[in-house]
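This report concerns only the one structure given below.
The values are calculated or read from the model by the stated rules, or taken from the named source; none is laboratory data. Small disclaimer: the values here were computed from a predicted structure and weren't measured. Because the Cβ atoms are built from the backbone with ideal geometry, glycine has one as well, and the counts that use them run over all protein chains shown. Quick note on the areas: whole protein, heavy atoms, side chains included, nothing else; ligands and nucleic acids left out. Shrake-Rupley method; radii C 1.70, N 1.55, O 1.52, S 1.80 Å.
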Amino acid sequence: MDFALRTLFQSPFEAHTGLRVELGLGPRGVAAMSLDYRVRLVAGPRQLGAMLALREGRSATIGRREDCSLVLASARVSPVHVHLRAGASAWRIEAGETTMGHTPLLLVNEARCSQGTLSPGDVFDAGGHRFRFEDDLPPAGTPGKADALCLQIRHGPSSPEKSFFALFGESFIIGHSRTALWLLPEPSASRHHCRIESGKSGWILRDLQSRNGTFLNGDRVKSAPLCHLDRLMIGKYDVQVSLIEAAEVY
């Protein structure tokens, strides 16, 4: 009998990378491995490093609803926030729907978007979570070479998320606008209050001409490097900075 036995399994490789590895055992018993497109969570309040493998011929969803392909337990996330669909020549992204039937806020490369196509390296923001669209393995040695960032509110008004994490290589905005990746809703924080980005020298804090200023360890700054255990004042929010090994957040 001429048949192929196909086995799908979860290996240590998959557990670390989030990629699905499929072995096909044909008549000669030769195993072949295929790697698929995927999206990886690179910044957000939790689940940092989580990956969703994308398979040709199948759609995927990201949202708060339990039957989504990737579930995000956050009040900022709609029940079905994002649809990912395989097109003829590229993967397409579409905004989903809110509980009221409206279109949720979706940003692709920090620009509002209701639908479009994705290219490797593109990022999209959904409810305070940032995903990167990838098509192959990360460069060797990337995790662990540079510190991931953790921001934690120590004192201040209420906020949907008390903590925020980002992998090195990301750049994101903090403020009280819905388009800010880390939302601090109290009006003492400007709509787009400050940006944190990573460069050759590490993590950098940049004020975005905020109304009340951005303070680092008590000093008002326009731009400054961030160090472990630094303290930020963003409006009325007292935020502690922690730099942690990327392996700790996977």
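Just a few scattered comments:
- Local charge for residue 221 was computed over the other residues whose Cβ lies under 11 Å away, with Lys and Arg +1 and Asp and Glu -1, and equals 0.
- Here residue 102 sits with roughly 120 square angstrom of accessible surface, probe radius 1.4 Å.
- For the residues 214, 98, a 1.4 Å probe over the protein chains yields an accessible-area ranking, largest first, of 98, 214.
- A viscosity of 0.692 mPa s and a temperature of 37 °C, combined with the Kirkwood radius over Cα pairs in Stokes-Einstein, give a translational diffusion coefficient for region 180-229 of 284 µm²/s.
- Per-pair calculated FRET efficiency, R0 = 22 Å: residue 115 and residue 206 via Cβ, rounded to 0.05: 0.10
- Under 14 Å of direct C-alpha separation, and excluding same-chain neighbours fewer than eight residues apart, residue 200 reaches these aspartates and glutamates: 147, 170.
- Using the 1.4 Å probe convention, the accessible area of region 80-213 works out to 46 Å² per residue with neighbouring protein chains retained.
- Rh by Kirkwood over Cα pairs, then Stokes-Einstein D for region 95-228 at 1.567 mPa s and 4 °C, µm²/s: 79
- The aspartates and glutamates within cross-link reach of residue 162, meaning a Cα-to-Cα straight distance under 12 Å and a gap of 8 or more places when in the same chain, are 238.
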